[in-house]
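For reference, the structure discussed in these notes is given below.
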Amino acid sequence: MARKEVEHVERHPKVVLLCDDVEELGGVTEVISSQITAFRTLSNYDSMQEVLLEAAPLVIIIAMSSVSRSVELYSKLAKQGVLDYPHENILLCENKESGVGFRCCMKSIFRDYFIYKPMYENYRLRMILHNALIRSKEASEVTNISEEHFGRIDDELKQLIDDAAEYHKTAEQTLKDARDNLDQTEGINEVQTALIQELKKQHITPLLDKLETQLSDSVAELTSRLKNKQISVAELSALLTERSIPNTSHHASQLKEARVVTAVKQPSYEESYEDQLEPSPAPEPEVESRPKTSKIMVVEDNEIYREMISKILRDEGHNVESVSSGLTAIKMLRKQKYDLIFMDLFMPELDGYNTTKNIRNIPNCKSIPIIALTSNKNKDLIRKWASLGLAAYIAKPSTKQSILKAVEKCNVHS
Amino acid sequence: MDVSNLDNLQVLNEQVMLELLGDDTTEINSFRQQFLQQAKSSLQKIAALYREQQFKQIKDEAHYLKTSAKAIGAERCAYYLQQIEDASLALDKVQCKQHIQTLSEEIKGVFRACSSQT
């Protein structure tokens, strides 16, 4: 039998239903499509990725054969980076898994859940969908406005930087022309020429030199300040975008490659009823991490912070080795291979910048990702450092989430 | 953490370590104790360096301690360590002394805050 997916092939759906068996969801698709026409049902993983990337639907409804499979699918999509935009997610599950569905929502993996087997309250599903669409539309509008706003500021800053460079070029040319003209100027007699030469040597040339230096310094300072503003705007924009992405997506991406095991004793109808009375000892999806073998080096002179970063990474299953100086790091990197380096900027003997410079000369370390650990105050230094190839930078003390996100960004996992 | 405005800063911001390490109280207390020990020896070192007028070393030591102060959420300590860094960079002896004295009081404040929470 042909899959019913073809029935809902809206190119830019606002609502998508992700499932593994379309046949099972006839009633659900009918309810959803009666509520919204921009709707699409997807059961193929590649199509899911493609549609999510292209259309960024506002509401994602997931109805796999079990809750654990739904969680697995959502976390896989989050890890692929296709859910990094404001959206709402709804879990559809069978009555026997209502407790698990409830707990998934309590753990912020899904925004809401609905029992579709058996489906008693189709108006309840319509209500959930209606509310989800309103919330996600608002979030999406805020993101679009902020992106447009920051984009405009960024364009204006770029224009100002270009204008400053152009002004510098023109002013330099004017000064050069003035010098040339001066060189060609002669008096009507030798005495006057000598006087002009004297004036030129004593006053005009030093004045032009001073003007040129001042001009150059001022333009450099102005450009640097504009570039700092550009970085600040980009950071703020990224922060706002990150905040507009629902918690559910963050939670799901944190599951990463974790295997979701439903160590759930499937409850009978009576057990489900009791579960509603006594919610405490209920089954819930258990997340079992796979062992991760990536090797990470932490280079930080402060032992407390070094130990904190190492602990966060070890708890995630990474193999961590920490050192207190750049020199030790270089020695170790010559002997062993690492997947990622966290590095402090200010360290005794050899700072982060010079350590990185040395590391880049070690065979096999030319492209090793380096994450800078520093404070917000050292932007110029970070920029200089970044020219040697930095994967990310973390403002101390940061948070566990940001640190793990930076690791994730470097594509370092099991 | 912005340590530039003293009014917004706490003696011990618990949220900082919660966001870094989660809610493992034993771990958090252990790091706090390590910080107090580190702060004590660092402060003695800074005082000795001040007597010898070694401003570059004072700056380095203050920067070193600032990292752990920020990490455990000792925001006011981090603020005064930044002030010491700035004063030593400017070779401002008077300001440097004043901030070292205030830092000593702030570290005591962190000690009291840690004791009241354990």
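For the range A:306-367, the set of GluC sites (Glu not before Pro) satisfying both a DSSP loop assignment and a count of at most 16 other C-beta atoms within 10 Å is given as A:Glu349.
With the cut-off at 1.5 for a/c, could you classify the range B:7-117 from its C-alpha gyration tensor as rounded, prolate or oblate? It comes out prolate by the Cα gyration axes. Taking the Cα centre of the range A:1-127 as origin and assigning +1 to Lys and Arg Cβ atoms and -1 to Asp and Glu Cβ atoms, the resulting dipole is close to 360 debye. Among the trypsin sites (Lys or Arg not before Pro) within the range A:329-381, those in coil by DSSP and having at most 15 neighbouring Cβ atoms inside 10 Å are A:Lys337, A:Arg360, A:Lys366, A:Lys377.
Of the chymotrypsin sites (Phe, Trp or Tyr not before Pro) found in the range A:47-120, the ones in coil according to DSSP and having at most 16 other Cβ atoms within 10 Å of their Cβ are A:Tyr120. The ratio of the alpha-carbon radius of gyration of the range A:51-202 to the globular-protein estimate 2.2 N^0.38 Å is 2.31.
For the range A:291-409, the alpha carbon positions stretch 34, 33, 25 Å along the principal axes, listed from largest to smallest. How large is the helix-only mean residue ellipticity at 222 nm for chain B, computed as the sum of -39500 (n - 2.57) over DSSP H runs with n ≥ 4, divided by its residue count, in deg cm²/dmol to the nearest 500? Computed ellipticity for chain B at 222 nm equals -27000 deg cm²/dmol.
Residues whose amide H comes within less than 5 Å of that of A:Leu17, counting only those at least five positions distant or on another chain, are A:Arg40, A:Thr41, A:Leu42, A:Ile61 (H built at 1.01 Å from N in the peptide plane). Residues whose amide H falls under 5 Å from that of A:Val299, counting only those 5 or more places apart or on a different chain, are A:Val323, A:Phe342, A:Met343, A:Asp344, with hydrogens built in the peptide plane.
In this rough spin-label picture, where each label sits 7 Å from Cα along the Cβ direction, the B:Glu19-B:Gln117 distance is 1.4 nm. Give me the Debye-computed log₁₀ of I(q)/I(0) at q = 0.13, 0.14, 0.17, 0.25 Å⁻¹ for the range A:143-244, equal point scatterers on Cα only, no solvent, two decimals. Evaluating at q = 0.13, 0.14, 0.17, 0.25 Å⁻¹ gives log10 I(q)/I(0) of -0.64, -0.68, -0.83, -1.20. Computed about the Cα centre, the dipole magnitude for the range B:7-117 is approximately 540 debye when only Lys and Arg (+1) and Asp and Glu (-1) carry charge, each at its Cβ. The residue among B:Thr102, B:Gly73, B:Ala87 whose Cα reaches farthest toward the positive pole of the charge dipole of the range B:73-115, with charges on the beta-carbon of Lys, Arg, Asp and Glu, is B:Thr102. Between A:Ser65 and A:Asp20, the built amide H atoms are under 5 Å apart, and every one of these is 5 or more places off in sequence or on another chain.
Among the listed pairs A:Lys337/B:Lys59; A:Lys137/A:Lys409; A:Lys14/A:Lys229; A:Lys379/B:Lys97; A:Lys14/A:Lys409; A:Lys379/B:Lys45, which are separated by more than 31 Å between their Cα atoms? Correct reply: A:Lys337/B:Lys59; A:Lys14/A:Lys229.
Here, each number is a calculation from the coordinates, and none is a lab measurement. The shown structure was predicted, so the numbers you read here are calculated from the model rather than taken from an experiment. No Cβ is skipped: glycine too gets one built from the backbone with ideal geometry, and neighbour counts run over all protein chains shown.
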